[in-house]
Structure formats: C-alpha cells, structure tokens
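Single-structure report; data block below.
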Amino acid sequence: MAPERSPTDQRDRERNRVSRLLKSHAPPDWERRFRATELLDAVIDGEPIQMFVMAADIRESTTLMKESVKFERFAAIMDKFVSSVRLGIRRSGGWFDRFTGDGFLAYWIVQSAAPDEYEERFVQTAGDIAHTANILIDLFHRRVLEDFRSNSRNLSSGVGLSMGLDAGPGYLVKIADELTIVGPPVVGSVRMVTAAALPKEIVANVFLGERLREGQDGVYEALGVRVNREFRPTKEYPRGQEVYALTFEQDGSELETPNEDTDEEASNVVDVSDATGAGDGEVA
C-alpha cells in the first residue's frame with residue numbers, strides 16, 4: 001500500500017502541475033519576474049488576481065478569408081502574425097491566453113504588494129498594455145495587412161485590427177486541460193473591442209481608461225496617448241456605455257518595442273512565401 005502524501009507533498013504536486021500548464025502562456029522569466037509560489041497558490045485556491053486584459057479582433061476576418069486567392073497562404077499569414085504576437089507579448093512580460101479564431105486574448109498580472117509598491121506596478125502595467133496595443137495595431141496595419149492584400153481578390157475598407165482593454169480581478173481556471181482567464185476584466189475587454197467600431201481603434205473600459213486619462217499629461221506623457229471619454233452603444237447598454245478611446249501621437253513604428261526581440265520575431269510575419277509557395281507581393 002502506497003504511503004499517504006503529506007499536505008505539503010500534495011501542494012507541491014499541485015504547484016508543479018499548474019506550473020506546467022502556465023508555461024506555454026507565461027513570460028519566459030516568469031518565475032523570476034513574479035512571486036511564483038504565491039501566484040501558483042492563487043491559481044490552485046481559485047483566488048482573484050489583479051490583471052489587465054487585452055482582447056484583439058481582426059475586423060471582417062471572414063470576408064478576408066473568403067476573398068483570399070490561396071487559402072493556405074491566408075492561414076500562413078495568420079499563423080505568423082499570431083505566433084509573433086504571442087512571442088512579443090510574453091517577452092514583454094505579458095501572458096498570452098489564446099487565439100480566438102479572429103483575434104486573441106492576452107493579459108498582464110499585478111501581484112498584491114504594499115500600497116506604494118502596488119501602485120507603482122499598477123501604473124507601470126497600465127502603461128505597458130496601452131503601449132503594446134499601439135505597437136500591435138501598427139504592426140498589423142503597416143506590415144501584416146500588406147501580405148493579406150497581396151493575397152486578396154478584393155479588400156474591404158473595414159478590414160483591420162481593433163483592441164479592447166480592461167483591468168480588474170480575474171481568475172485562472174482549468175478548462176479542457178488548459179488554463180484560461182475568466183472574470184469581469186475578460187468580459188469587459190471583449191465588450192470594449194466590440195465597442196471599437198473601426199479598425200485601428202483601441203478602447204478601454206472605465207476603470208483602466210480613467211487612470212490613463214488622468215495621467216495622459218503626467219506619468220503617461222511619454223506614451224503620447226490621448227484618452228477621450230465617449231458614449232457608445234453596446235449589446236448590454238444599447239442606449240450608450242461610457243468608454244475611453246485611446247489615440248497616439250506616434251504610431252508603433254516610431255516607438256521602442258516592448259522587448260528588443262519582439263520586432264525581430266515580428267519581421268517573420270511578412271515572410272510567408274516558403275510556407276505557401278507564393279513569392280509575389282511580399283513586403284520588403
């Protein structure tokens with residue numbers, strides 16, 4: 001008869017299991033960047049985790065797919081883009097949750113700390129997600145869209161990338177042997193990307209948007225971000241919901257990427273001829 005495991009052994013086993021599940025989503029240095037044991041215990045115990053969530057949507061992706069000259073090339077371009085985004089987000093300290101079929105979900109974690117330290121991390125992470133959203137919007141429209149265009153019979157003016165941002169306590173739960181995020185900031189970010197009516201738009205919910213708006217001439221001045229409070233109809237609030245639209249004085253091409261490796265990986269997005277056999281129309 002096998003000896004019973006002690007509570008300590010059982011907890012360590014659970015931590016190892018969750019750590020393996022997190023590995024494909026986490027920054028490469030997450031065990032150094034975060035208090036790993038505390039984070040693993042929060043996941044195991046179902047505790048809320050302060051997170052910033054990014055929901056991205058490729059507008060009219062179904063039309064883009066239907067208008068493709070070669071479907072395999074469309075798939076290769078999409079794969080390169082999502083793979084590059086995944087690498088870039090993780091290397092910048094974010095966590096890549098999943099590809100949604102026409103976009104993706106990603107999140108940034110802020111662990112609990114003393115009030116001053118927590119506030120500093122919160123402010124930094126809010127800037128990080130806004131900065132990353134600007135870079136990814138620019139990457140898609142300046143480089144990736146060119147590859148889609150070269151493989152399209154017709155291209156709608158509505159094709160493009162939009163972003164929704166939100167922040168708040170969320171949860172990491174196991175679904176179908178994968179860890180995924182759930183909770184109010186996930187719902188909020190998806191609602192915000194729906195409220196982003198046009199390509200290139202970045203829309204934040206009240207909690208995050210108000211913080212960015214308050215600091216646009218202060219702590220976030222270097223980002224060159226302008227935050228406008230608006231009312232837009234959503235499914236939940238058809239008469240109008242308060243949202244915060246982010247615009248930037250510079251596009252992402254003029255800004256430093258979140259990590260020096262990101263742009264190198266992103267450059268692979270536009271080089272898909274080897275995978276598909278299509279050698280025309282590539283972006284230099």
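Every number in this text was worked out from the coordinates using simple rules, so none of it is lab data. The structure presented is a predicted model; accordingly, all values stated were derived computationally and were not measured.
Just from its helices, what would the mean residue ellipticity at 222 nm be for the chain, if runs of 4 or more DSSP H residues each count -39500 (n - 2.57) and the sum is divided by every residue, rounded to the nearest 500 deg cm²/dmol?
For the chain, the value works out to -13000 deg cm²/dmol.
Excluding same-chain residues fewer than 8 positions from Lys174, which lysines have a Cα within less than 30 Å of its Cα?
Here the lysines satisfying the reach criterion relative to Lys174 are Lys23, Lys80, Lys235.
Using a Gaussian network model on the chain with a 10 Å cutoff between Cα atoms, which of Asp29, Asp57, Asp102 fluctuates the most?
It is Asp29.
Most fluctuating residue of Lys235, Lys80, Lys174 in a GNM of the chain with Cα springs under 10 Å: which is it?
Lys235
Please report the spacing between the Cα centers of region 208-242 and region 1-71 in Å, no decimals.
Region 208-242 and region 1-71 have Cα centres spaced 29 Å from each other.
Gaussian network model of the chain, Cα springs within a sub-10 Å range: biggest mean-square fluctuation belongs to which of Ala26, Ala245, Ala222?
Highest fluctuation among the options: Ala222.
By DSSP, what percent of the beta bridges with both residues in region 89-211 are antiparallel, rounded to the nearest 5?
Looking only at bridges with both residues in region 89-211, the antiparallel portion is about 75 percent.
Pull up all non-local amide H partners of Gly103: gap of 5 or more, or a different chain, and H-to-H distance under 5 Å with H placed in the peptide plane.
Ile58
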